[in-house]
2 protein chains.
Amino acid sequence: MFENRVFNFSAGPSMLPETVLEQAQKELLNYQGSGMSILEMSHRSKVYDAVIVAAEAELRRVMNIPENYKVLFLQGGATLQFAAVAMNLMTKNGKADYIVTGSFSKKAAKEAKKYGDVHIAGSTESENFCRIPRQSELDLRPDADYVHICFNNTIYGTHWDYIPETGNVPLVADMSSCILSEEVDVSKFGLIYAGAQKNMAPAGLTIVIVREDLIGNAMPTTPVVMDYKELADANSMYNTPPTFPIYIAKLVCEWIASIGGIKALNVINVRKAKALYDFLDGSKLFKNTVSPESRSLMNVTFKTGDEALDAKFVKEAAEVGLLTLKGHRAVGGMRASIYNAVPEEGVMKLIEFMKEFEQAN
Amino acid sequence: MFENRVFNFSAGPSMLPETVLEQAQKELLNYQGSGMSILEMSHRSKVYDAVIVAAEAELRRVMNIPENYKVLFLQGGATLQFAAVAMNLMTKNGKADYIVTGSFSKKAAKEAKKYGDVHIAGSTESENFCRIPRQSELDLRPDADYVHICFNNTIYGTHWDYIPETGNVPLVADMSSCILSEEVDVSKFGLIYAGAQKNMAPAGLTIVIVREDLIGNAMPTTPVVMDYKELADANSMYNTPPTFPIYIAKLVCEWIASIGGIKALNVINVRKAKALYDFLDGSKLFKNTVSPESRSLMNVTFKTGDEALDAKFVKEAAEVGLLTLKGHRAVGGMRASIYNAVPEEGVMKLIEFMKEFEQAN
């Protein structure tokens, strides 16, 4: 750990690997002998082209992305993709099914309604999003242009424990808060998108992984930098891409590869989450209210049931270097986001502190 | 100058002030004692909030932005604004006038046509965009919802030497390649937008400065993160903003203030450009073909008339540390982008090298 470094449990932007930060710092004034900073470099220069090509290659390698998928490096966040997905894909029958499992999937459905016939094919809102609906609960339309899910729900701390069966209808998943944290069979999805600021890069980069046959049918009113065909044809360089976050994403993917890939990382992620959930399940003070099968590996929510005590916990945790533990206002309580770059030591320190706090309160 | 640093004449992304790069490097691992990198910080944290608030305050100060204008920090580049401007503003009479003075204003007009009645109110395309049209040449409609111009044309090296009179019709200007380079009376414009990667910050940040009365009339199909009302109401935090480029923009504005503001910077910019144009006007080998009144301070285009010789020049210049001088493929020849952060010494070194090259060839 760097001197004076804290454990930062932010839901995003969030911790980056120390080796990545160190390399970025080291070469910030002069990137690999180019005489310029990576921040100053033309995105069309040879030296930068090698960066974006490597970023894509590394991402394809760690995620095992099939060849018939395009990888796009974009701006605008997952929220811009809420509209882009609909404008690009809801163009065959003009209808799409959305499964609502939290705030972001609800926003995605609301946004898509601007562009076509949106059907809520499943929702656990009446249960305060404490679980992911089962396949048998889903009311999917066979003629939908796609089915949309949010694979990991940052605010509620839930995660799909299965990939829903959608027949011939392409499955679209927002993976902003779980991308790179677990092995995923990309071929089961028509399109995966993710804001990179949680598990991959600093804010300002959005990844879209889209099956080639879904490209090329955007609505005529689609802004050109939201049209997957234009973006794919230009290799993410229709206009200037977010060059620095792409560079960091490359370093992050290299870091993942260096420690054994997503498979090895997932073993650590499971261990981190299990330690925290095990403690919560045995605690008399702290509770996690998510159905066990739907628990997220990345975002662990908990509360004492007493708002003043929750606030005291967040404050005292910050004093010992455990930061950004306040839960989202929609849920209250606490949330520990334990993404790939949060060290296991941080989770252990959090559990120790929770034990002490429980004894003292 | 840092050791081994080159002079980089890239059209964008482009040089940043050395003091800005040094500060960013120095505090990259631990931002102001927070124990975390600026790259890892929640955009909703107190420490980051101070950054974005200061960035806006500094920008307002250096540009002297009136109080009845909102400042938005966005993603997507100027190209996303080509659509956003139309979707937000072309909603009263459904028509807008575009003046075409280069590739980007042409693209902006093409994009706006997706959303309404676009009239080309002036164009110098038949003269290969070598000049800005005069007021008397403009064919403006009194009932247009706005008039759109590109204030500085990066590719052709031209710049509006006057602000067109548009009566009661709001004037919208793309200032991507001249923002912060000269004093501008913001009150003459309804909306100013700029991709920040030329004169302000690394790639991934777009600035919109919009008069308040123009906010709130977006088309129902506008993506939520392109709706100025949603963005203004959320203080640019409807979703995660590009936190790092905003931080650099703050440092760049502080740097501008520290050297006397835009007025003082413009004196240097005029001196830099004049030295280069004076040399070009006296040269027998190199020619600039822009009408004198329309010459850009930021992007200086020139050519020898011999493509092989142009290529030789670009290659040999790079060998002595004068980089990215190749002109855009639409124009050919050479282009020296001499933004705020390109030191005067770099321009002098370029002129010296051009003299030597002229004597030798």
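The values are calculated or read from the model by the stated rules, or taken from the named source; none is laboratory data. If you're wondering where the values come from, they're calculated on a predicted model, not measured in any experiment. Neighbour counts run over all protein chains shown; Cβ positions are idealised from the backbone, glycine included.
Observations on the structure shown:
- Of all residues in the stretch B:55-62, none are among the hydrophobic types (A, V, I, L, M, F, W, C), out of contact with any Pro (no Cβ under 7 Å at 6 or more places or on another chain) and facing chain A (nearest Cβ under 7 Å).
- Only one entry in B:ALA84, B:ALA96, B:ALA121 is in a helix (DSSP H, G or I), surrounded by 15 or more Cβ atoms within 10 Å (Cβ to Cβ) and in the same structural domain as B:PRO242 (by TED's automatic domain parsing), namely B:ALA84.
- Qualifying residue in the stretch A:199-209 (condition: farther than 30 Å from A:THR240 by Cα, touching a Pro at 6+ places or on another chain (Cβ under 9 Å) and assigned to a loop (DSSP other than H, G, I, E, B)): no
- Count - residues of the stretch A:69-116 that are farther than 30 Å from A:THR240 by Cα and touching a Leu at 6+ places or on another chain (Cβ under 9 Å): 3
- Selection over the stretch A:272-302 of residues that are farther than 23 Å from A:VAL252 by Cβ, basic (Lys, Arg) and under 23 Å from the mean Cα position of the chain (by Cα) gives a count of 2.
- Residue list for the stretch A:296-341, filter: over 16 Å from A:SER14 (Cα atoms), β-branched (Val, Ile, Thr), in contact (Cβ under 8 Å) with a residue 24 or more places away in the chain and within 14 Å of chain B (Cβ to nearest Cβ): A:VAL320
- Only residues that are closer than 18 Å to B:ARG335 by Cβ, surrounded by 13 or more Cβ atoms within 10 Å (Cβ to Cβ) and at pLDDT 95 or above were counted in the stretch B:258-301, giving 24.
- Count of residues meeting criterion [of a type outside the set (Val, Ile, Thr) and touching an Asp or Glu at 6+ places or on another chain (Cβ under 8 Å)] in the stretch B:73-83: 5
- In the stretch B:222-271, the residues that are within 8 Å of chain A (Cβ to nearest Cβ) and within 19 Å of the chain's Cα centre (by Cα): B:PRO242, B:PHE244, B:PRO245, B:ILE248
- Screening the stretch B:1-10 for residues that are touching a residue at least 60 places away in the same chain (Cβ under 8 Å), more than 7 Å from every other protein chain (Cβ to nearest Cβ) and part of a loop (DSSP other than H, G, I, E, B) and picking the one that is nearest to B:ILE338 (Cα to Cα) gives B:PHE9.
- In the stretch A:206-213, the condition of being among the polar types (S, T, N, Q) and crowded, with 23+ Cβ neighbours inside 10 Å is met by at least one residue.
- Only one of the numbered conditions (1) within 7 Å of another protein chain (Cβ to nearest Cβ); (2) over 24 Å from the mean Cα position of the chain (by Cα) is violated by B:SER14, and that is (2).
- Being more than 22 Å from B:GLN75 (Cα to Cα), touching a Pro at 6+ places or on another chain (Cβ under 8 Å), in the same structural domain as B:SER236 (by TED's automatic domain parsing) and at pLDDT 95 or above is a condition met by at least one residue of the stretch B:146-159.
- Any hit, the stretch A:22-45, residues being away from chain B (no Cβ under 11 Å), surrounded by fewer than 21 Cβ atoms within 10 Å (Cβ to Cβ), assigned to a helix (DSSP H, G or I) and in contact (Cβ under 8 Å) with a residue 40 or more places away in the chain: no
- Residue in the stretch A:133-143 that is modelled with pLDDT of 95 or more, small (Gly, Ala, Ser) and under 26 Å from B:THR240 (Cα atoms) present: no
- Residue check for A:ALA196: in contact with a strand residue (DSSP E or B) (Cβ under 7 Å, 6 or more places away or on another chain), over 24 Å from A:GLY116 (Cα atoms) and within 11 Å of another protein chain (Cβ to nearest Cβ): yes
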